[in-house]
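Trainee: Please read through the structure below; I'll follow up with questions.
The values are calculated or read from the model by the stated rules, or taken from the named source; none is laboratory data. All figures in this text were calculated on a predicted structure; none of them were measured in a lab. Positions of Cβ are generated from backbone atoms using ideal geometry, with glycine treated the same way; all protein chains shown enter the neighbour counts. These accessible areas exclude ligands, DNA and RNA; they are computed on the full protein's heavy atoms, side chains included. Shrake-Rupley method; radii C 1.70, N 1.55, O 1.52, S 1.80 Å.
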Amino acid sequence: MGRLLPQEVHHVVRLLQGASAHSTHSVTSVSLQCKASPTKESGFRSSQCLGFNKYYPPDYDGEKHKSLNAYRGKHALGDRARKLDKGILITRFELPFNIWCGTCNNHIGMGVRYNAEKKKVGMYYSTPIYSFRCKCHLCDGWFEIQTDPKNTRYVVVSGARQKDEEWNPEENGGFAIHDTENNSATTDPLIALEKSTDAHKHLTNVQIPRLESLQDLSDHYNNDPYARSAIVRKHFRAEKRVEAAKRADDDRIKGRYGLPETLKLVEDSDEARNEAREEWERGRRHLEEQSSIRKARLSSSAGPNPAASLRERVLGNMYNSKLVEKRVRKLGVR
Ligand SMILES: [Zn+2]
């Protein structure tokens, strides 16, 4: 059989384990052969630990090399670790917000992924600050985004512009979450003193009197709830009575003139009464004028003496008829 490499030994063992009973002898012989070669023993053991799907060259020594990556002089992360000597690891970075590239000015949407150069650039207390340097996929420009542990967000450092779409609670009537200005103010003792004095003045001159006046007002209205309630109820009853009387009055009028139920009547007052009277007088005057005009028209068409005009008309019609004239004279028309 000759010399076997550790992985070849395993392959053979597995083949033989799956075969018939007489193979037991062969397995023993193979392992015996392996044991007989002391230099290969360690390699065999390490290959047992690491798995089968890797090639272990003949000069590989498990104790010396520790791992196949170390043996080949490669990093476990492969090509992504090619700039590790500069402290840069290439990672897949997804844009956490919309940006505009500073070089080509194109809009790049949130969620676009880049092979970014990840680098530790500083610390915020015990939290490292990482920078991600990405090459724009639309041009040759680079942009850099850093983590901001203080505000738990990402910030664009260079090469791009962030689209400001964050919901600001302060602008929408809420309270600021990251109140960073207070710390700087309290560092100056004079400003702090001034602020506290102003606050005290405001409290004594404005807030306390205001509170007291509010308390007085509240007492004024609430010290005797029974009396207040009685007044309100009395007032309400009086209003209700007036309303009921008015409704009955309206119904009576509507019933008398056969007006629709839904019609709203104006409230009875001096003003309404005067207006109605004026309207009635205007109507009557109009009627009088109309009738006088009609009379005048009738009298003008009849002439000043109706009997004479009738006579003229009759004579005109029957000029040649003396009989008719006689008859007319007999009737005594002149
Ligand atoms: Zn670009």
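Trainee: Look through segment 120-134, keep the residues that are in contact with a Phe, Trp or Tyr (Cβ under 8 Å, 6 or more places away or on another chain) and open to solvent by 80 Å² or more (accessible area, probe 1.4 Å), and return whichever of them is nearest to the ligand (Cβ to nearest atom).
Mentor: Arg133
For every residue, the table says whether it meets (1) under 34 Å from the mean Cα position of the chain (by Cα); (2) at negative phi.
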| site | (1), (2) |
| --- | --- |
| Glu117 | no, yes |
| Lys120 | no, yes |
| Tyr125 | no, no |
| Ser131 | yes, yes |
| Cys134 | yes, yes |
| Ile145 | yes, yes |
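Trainee: Moving on. Here is a check on your reading of the model: is His235 in a helix (DSSP H, G or I) and modelled with pLDDT of 95 or more? Lay out the reasoning, then the answer.
Mentor: On the way: in a helix (DSSP H, G or I): yes; modelled with pLDDT of 95 or more: yes.
It is true that His235 is in a helix (DSSP H, G or I) and modelled with pLDDT of 95 or more.
Trainee: Does Leu95 fit the bill of being open to solvent by less than 80 Å² (accessible area, probe 1.4 Å), within 30 Å of His65 (Cβ to Cβ) and of a type in the set (A, V, I, L, M, F, W, C)? Can you show your working first?
Mentor: On the way: open to solvent by less than 80 Å² (accessible area, probe 1.4 Å): yes; within 30 Å of His65 (Cβ to Cβ): no; of a type in the set (A, V, I, L, M, F, W, C): yes.
The answer is no for Leu95.
Trainee: Looking at segment 135-157, which of the residues that are out of contact with any Lys or Arg (no Cβ under 9 Å at 6 or more places or on another chain) and within 15 Å of the ligand (Cβ to nearest atom) is most open to solvent (accessible area, probe 1.4 Å)?
Mentor: Asp140
Trainee: Restricting to segment 59-96, give me the number of residues that are part of a loop (DSSP other than H, G, I, E, B), closer than 30 Å to Ile108 by Cα and charged (D, E, K, R). Reasoning before the result, please.
Mentor: Of the residues in segment 59-96, the ones part of a loop (DSSP other than H, G, I, E, B) are 59-61, 66-67, 73-77, 82-83, 87, 95-96.
Remaining after also requiring closer than 30 Å to Ile108 by Cα: 77, 82-83, 87, 95-96.
Now drop any that are not charged (D, E, K, R), which leaves 82-83.
Selection size over segment 59-96: 2.
Trainee: Still on this structure: Leu32 is checked against (1) assigned to a helix (DSSP H, G or I); (2) at pLDDT 85 or above; (3) of a type in the set (A, V, I, L, M) and fails just one. What number does that condition carry?
Mentor: Condition not satisfied by Leu32: (2).
Trainee: Of the residues that sit in segment 103-119 and are away from the ligand (no atom under 15 Å from the Cβ) and in a loop (DSSP other than H, G, I, E, B), which one is most open to solvent (accessible area, probe 1.4 Å)?
Mentor: Met110
Trainee: Turning to a different aspect of this structure: Being open to solvent by 60 Å² or more (accessible area, probe 1.4 Å) and under 30 Å from Ser131 (Cα atoms) is the filter here; which residues of segment 71-92 pass it?
Mentor: Of everything in segment 71-92, those that are open to solvent by 60 Å² or more (accessible area, probe 1.4 Å) and under 30 Å from Ser131 (Cα atoms) turn out to be Gly73, Lys74, His75, Ala76, Leu77, Asp79, Arg80, Arg82, Leu84, Asp85, Lys86, Arg92.
Trainee: A further question follows. Pairs needed: first member in segment 107-128, in the same structural domain as Ile88 (by TED's automatic domain parsing); second member anywhere, among the acidic types (Asp, Glu) and part of a strand (DSSP E or B); C-beta distance under 7 Å; at least 6 residues apart or different chains.
Mentor: Close Cβ pairs satisfying both conditions: Gly111/Glu94; Arg113/Glu94.
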